[in-house]
1. Within the range 331-364, work out how many residues are in contact (Cβ under 8 Å) with a residue 60 or more places away in the chain and not in a helix (DSSP H, G or I).
2. Just one of 294, 305 is over 20 Å from residue 207 (Cβ atoms) and open to solvent by less than 20 Å² (accessible area, probe 1.4 Å); which is it?
3. Within the range 364-387, take every residue that is more than 16 Å from residue 337 (Cβ to Cβ) and of a type in the set (S, T, N, Q) and give me the one that is modelled with the lowest pLDDT.
4. If we keep just the residues of the range 5-37 that are among the aliphatic types (A, V, I, L, M) and open to solvent by 10 Å² or more (accessible area, probe 1.4 Å), which is farthest from the chain's Cα centre (by Cα)?
5. In the range 354-383, what residues are surrounded by 24 or more Cβ atoms within 10 Å (Cβ to Cβ) and closer than 16 Å to residue 410 by Cα?
6. Of all residues in the range 384-411, count the ones that are open to solvent by less than 10 Å² (accessible area, probe 1.4 Å), small (Gly, Ala, Ser) and in contact with a strand residue (DSSP E or B) (Cβ under 8 Å, 6 or more places away or on another chain).
7. I'd like the residue in the range 201-218 that is of a type in the set (Lys, Arg) and closer than 19 Å to residue 242 by Cα and, out of all such residues, is surrounded by the fewest Cβ atoms within 10 Å (Cβ to Cβ).
8. Report whether or not residue 257 is more than 25 Å from residue 313 (Cβ to Cβ) and free of Cβ contacts under 8 Å to residues at least 40 places away in the same chain.
Amino acid sequence: MQRILIHNGIVADPSQGLHDRLDLLIEDGRIAEVAKDIPRDRADRLIDAQGFTISPGFIDLHTHLREPGGEGSETIETGSRAAAAGGFTTIYCMPNTNPVCDTRTGVQFVVSRAETSGIIRVIPVASVTRGQKGEELAEFGALLETGAGAFSDDGHPVMNANIMRRALACTRMLGVPIFDHAEDMDLTGAGVMHEGPVSLRLGLPGIPRISESTIVARDIALADETGGHIHICHVSARESVEAIREGKRNGIRVTAEVSPHHLTMTDEAVIGYNTHAKMKPPLNAEEDRQALIAALEDGTIDCVATDHAPHAATTKLNVFDGAPYGIIGMETAFPVLYTDFVATGQWSLEFLIEKMALAPARIMEQPWGTLRPGSLADLTLLDLNCEYTFEERHLRSKSSNCPWLGKTMKARIAATLLGGEIVFTNPDCFSVEREGAAL
């Protein structure tokens, strides 16, 4: 049994109300003790966390790893390395691959690849409908038994309300949520960005807010009728926030996520036809951004999720209409949100950690996101005493479609541990000496 002592760090764990200089002892991959001045002779290995904050490992409920079929943009290996570099120890990957993850074989492929080439916990999200065509339900029970963690047609909406109703009824019995890509394709039409003054100025077809909010309201009503758990992905519109808030007020099983890009950017970022600001749902107006921030703060929106969407560079180097939707986001999620909200005094560090670690675990009813004794030693060391320019060299993803390249950051991930094993170290702030030779 290996025993690791992490000492001299500030432990920040919202699940225990901790923010103090404490030592953390890991035994056999689990947290054994969190206390002051744990004797060094109780450990086989020492990690010096002087100057760092120790947080539970982050959990991302919404990523795209592209494998199989899109290995030119990302693989399970490179995606897991990007996640570890962002402080994530568990990620859920969406099924819009080629072929779609809608069979036992598809789920087994992701699970197997994650075990052999991934460096963190990767959980496949299987599709709601066969081929994500919205016509026939997938075999939920078999997919869940094989290793799926949830179900989604993300990348596509489930347009047929009766199909969604049946899906929610089935998943209620299985005890797992449906991750809902809420979009009315008839309202989206040919739109490529938020419909408003900016789209008019640029001459680009717009997507109205109600393309999202009408499906959000529909699916919350279906969750109410079936008792199923609907999780609204990448919320972007203020009308969607109000529908979620009302659903929660009425006791409906609805949870929701918001992305860092919707919290920090608006459709003004598209000016200049910037394809790194092309995403779905689109970046909306400032009043929507403020509504999302308020909803995260008051608990209407439960957590942060990145919607990490890698694309090969050549595909984004295109006219705006022809470029694909989405950006990468795992490496930048914590640094961006810390810089824009914690360093400015709007949020506490514990609030951000809660929204990136404990809240996602709570949604999935999993025992992660905590440093309580007995829990898995999934954690990240945060460097909160830095200022640097985020550059392409900081990326571990296979893609670089990132709108924050060149941004000044005030936080970075120093190291990430999964089950007590170091899976990422940042050479800019974590030296070999810190890892500690055997004592």
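The values are calculated or read from the model by the stated rules, or taken from the named source; none is laboratory data. The model shown is predicted, which means the values in this text are computed figures rather than measured ones. In this analysis, Cβ positions are derived from the backbone assuming ideal geometry, glycine residues included, and neighbour counts consider all displayed protein chains. Side chains included, ligands, DNA and RNA excluded: accessible areas come from the protein's heavy atoms. Shrake-Rupley method; radii C 1.70, N 1.55, O 1.52, S 1.80 Å.
1. Residues in the range 331-364 being in contact (Cβ under 8 Å) with a residue 60 or more places away in the chain and not in a helix (DSSP H, G or I): 4 in total.
2. The match here is 305.
3. The selected residue is 385.
4. 35
5. Residues satisfying the conditions are 381, 382.
6. 1
7. For the range 201-218, the residue satisfying everything is 218.
8. Answer is no for this residue.
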